[in-house]
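The structure appears right after this line, and notes come after that.
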Amino acid sequence: MTPLLVSAYTLTTCLGRGLAATLASLRAGSSGLAPCAFETTAIATWIGEVAAVDDQSLPATLARYDCRNNRLAQLGLETDGLAERVRAAAARYGSHRIGVFLGTSTGGILQAELAYRRRDPHSGALPDDFIYRNTHNPFSLAEFARDYFDLEGPAMTVSTACSSSAKAFAAAARQLACGSIDAALVGGVDSLCLTTLYGFASLELTSSQPCRPYDTARNGISVAEGAAFALLERLPENARPGSLLLLGYGESSDAYHMSSPHPQGLGARMAIEAALHSAGLCPFDIDYINLHGTATPSNDAAEGQAVAALFGERTPCSSTKGATGHTLGAAGAVEALICALALTHELLPGSPHTRTADPAIPIDYRLTPRPARVRRALSNSFGFGGSNCSLVFGVSA
Amino acid sequence: MSQTPLTAWVDGVGFLAPGMPDWPTACAILRGEQAYTPAPSVLPVPNVLPPAERRRASRVVKLALALGLEAAAHAETDVGTLATVFTASGADGHNCHALCEQLATDDRRISPTRFHNSVHNAAAGYWGIATGAMAPCQVLCAFDASFGAGLLDALAQVVVDRWATLLIAYDSEYPEPLHRKRPIPDCAGVALLLTPLQSVRSLARIAVTPGTDAAARLADGELESLRTTIPALRSLPLLHRLARREGGSVCLDYLPPMQLRVDCVPC
């Protein structure tokens, strides 16, 4: 693909709000995970909860969108000046020339979960104040963002479980390549809810400790929430050296199982190879890999086989889910932007909570952060249903 | 920046809606050769799935599989080679209701199968298991604009990535109490196999551009009601052209104020 400019970006997770807070935590090797005390849940696990989400108040004209997921979306949009950059792009190109491509897995489902506790005891009806379209429906996120900026271009929510917001970058890149838009708001938001906490617990995929990606003793994920946004544009000829670029994307399907990865990581390998091909790069061009690394035994083993087969032990890798938790549908965008920080701040992120990297996975797995020049980075995102997406980012010379 | 037209050849169609079990029936009705008689949608058993998955296959999975397989068979194409774009205004409504209902009780130990079937991309996951297709698989939602969103991304995959791409747009009903909040009447959808190169099986060439005109309507009141109540069937004015092998441009509802103008040239 023709490289695209990532002209503005921001991310918010349990590590902190915005780029500076995230960078400081990544440099310190710290983690934002804490024992689960979300809502009325009673599960012995750790989660990554974003601070002060419910302090967000949506504009009165958009009150119909009010739910935890859109509060988190607004909190993210109003960080690092992202909202101003989107408005400036809309003024420059026209509001009909800006597309919205956002990923989420469960979106505003918490709003439906809460509404089901308030059903009419006689009729069973849901309360009148529950607005399905603007909260529960997966499109709520993309439509909220489109309305937040009064945009009039195309919009879609990508919902492929934990690869959602990585695939949002690919969908946006395609529309930019066709010239059907001039800029794209891309990213992802997923927020804590009972469905994912009890759901992953039912599959025995939640750890009772903070998750330990690629650890010999890894035993499950830490469910988390996050919001990550970027503005994608075609690359101008006079782009500033050091500008962040999207260089390639690759997508594939496992065609294997609904909730287990292909045991040899075949789908993962195909996505990585497609992303490298799209970027016109080979494995030794990559200086850092942000692994999907959920810390379930099967995910890390499968992904590890794919990465070992392509990169051997040459390329520094880590999963940052020990720091942020698994932000599910937001993970693709969150980790794409962790790659952005690695590229623009000479940082190889580590893997908080991982003590002993699994010797059965022969890759260069990094436990502690280290300063290093990173020119190109790969980010992996894989989801239920066997949905795989890898992205390649770089910086302009 | 010059715009690359979002254009593709339509090589196959799959269709399923209340009173219209497949594309040949829909063709006859859309051509006016057969009267439309409303009837509940009939969902075929997905024999392509392994027995364990077949038992778990919900209405929405049966619907999506039937649509995709019909379009691929119509085009005489190997489904295992196709990229896919699934687009739906919601996922499995019955499963969603069961989860929300249980999570509102004191016993929140939900079934793991219910949980993995709750993802918006469940039908796409079962498609992969059924067909062995390892090509890119997109899964979108844009509420009432879901057909348009899917069409835009599927055409972009054809134009940019040069993949033969199977667009599967489908919707299914919610049970009460969600049904009152989102009154989709029944299961329905359409699949279009879109390819970058013309073949002997190509039915038409379509090109999509943004527009602001009002969407075309169907003369038959019952068909028009299907168009407006089931998001995937916002495609019906285009299908009307394809069924009658008529050329010309037709406007489809997308996302206000943006509409999609589809220029259609039959082969």
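The values are calculated or read from the model by the stated rules, or taken from the named source; none is laboratory data. Predicted, not measured: the structure shown is a model, and the values here were computed from it. Cβ sites come from the backbone with ideal geometry, for glycine too, and all protein chains shown count toward neighbours.
Under 16 Å from the mean Cα position of the chain (by Cα) and part of a strand (DSSP E or B): does that describe B:Val13?
yes
Read through the list (1) under 20 Å from the mean Cα position of the chain (by Cα); (2) assigned to a helix (DSSP H, G or I); (3) crowded, with 21+ Cβ neighbours inside 10 Å, then give the number of the only condition that A:Ala83 fails.
Only one criterion in (1) under 20 Å from the mean Cα position of the chain (by Cα); (2) assigned to a helix (DSSP H, G or I); (3) crowded, with 21+ Cβ neighbours inside 10 Å is unmet by A:Ala83, namely (3).
Looking at (1) among the polar types (S, T, N, Q); (2) touching a Ser or Thr at 6+ places or on another chain (Cβ under 6 Å); (3) in a helix (DSSP H, G or I), which is the one condition that is false for A:Asn70?
(2)
Do we find that A:Arg117 is modelled with pLDDT of 95 or more, outside any loop (DSSP other than H, G, I, E, B) and in contact with a helix residue (DSSP H, G or I) (Cβ under 6 Å, 6 or more places away or on another chain) in this structure?
Criteria not met by A:Arg117.
Say we look at segment A:365-387 and pick out the residues that are more than 14 Å from chain B (Cβ to nearest Cβ) and under 22 Å from A:Pro261 (Cα atoms); which of these is surrounded by the fewest Cβ atoms within 10 Å (Cβ to Cβ)?
Within segment A:365-387, the match that is surrounded by the fewest Cβ atoms within 10 Å (Cβ to Cβ) is A:Tyr365.
Answer yes or no as to whether B:Val13 is buried (at least 24 other Cβ atoms within 10 Å of the Cβ), more than 30 Å from B:Pro177 (Cα to Cα), away from chain A (no Cβ under 11 Å) and among the aliphatic types (A, V, I, L, M).
For B:Val13, the condition - buried (at least 24 other Cβ atoms within 10 Å of the Cβ), more than 30 Å from B:Pro177 (Cα to Cα), away from chain A (no Cβ under 11 Å) and among the aliphatic types (A, V, I, L, M) - is met.
Exactly one condition in (1) more than 14 Å from chain B (Cβ to nearest Cβ); (2) surrounded by 24 or more Cβ atoms within 10 Å (Cβ to Cβ); (3) not in a loop (DSSP other than H, G, I, E, B) is false for A:Ser252; which is it?
(1) is the only condition that A:Ser252 fails.
Pick out the one residue from B:Asn117, B:Asn121 that is at pLDDT below 95, within 9 Å of chain A (Cβ to nearest Cβ) and surrounded by 24 or more Cβ atoms within 10 Å (Cβ to Cβ).
None of the other options fit; the residue is B:Asn117.
Right, A:Ser31: buried (at least 19 other Cβ atoms within 10 Å of the Cβ) and either more than 14 Å from chain B (Cβ to nearest Cβ) or more than 17 Å from the chain's Cα centre (by Cα) (or both) or not?
yes
Given the criteria in contact with a Phe, Trp or Tyr (Cβ under 9 Å, 6 or more places away or on another chain) and hydroxyl-bearing (Ser, Thr, Tyr), does B:Ser172 qualify?
So B:Ser172 does not fit the description; no.
With the checklist (1) under 27 Å from B:Gln157 (Cα atoms); (2) touching a Leu at 6+ places or on another chain (Cβ under 9 Å); (3) without any contact (Cβ under 8 Å) to a residue 60 or more places away in the chain in hand, flag the one item B:Ala142 doesn't pass.
Tallying (1) under 27 Å from B:Gln157 (Cα atoms); (2) touching a Leu at 6+ places or on another chain (Cβ under 9 Å); (3) without any contact (Cβ under 8 Å) to a residue 60 or more places away in the chain, B:Ala142 fails exactly one: (3).
Pairs needed: first member in segment B:51-70, buried (at least 22 other Cβ atoms within 10 Å of the Cβ); second member anywhere, of a type in the set (S, T, N, Q) and assigned to a loop (DSSP other than H, G, I, E, B); C-beta distance under 6 Å; at least 6 residues apart or different chains.
B:Val60/B:Ser172
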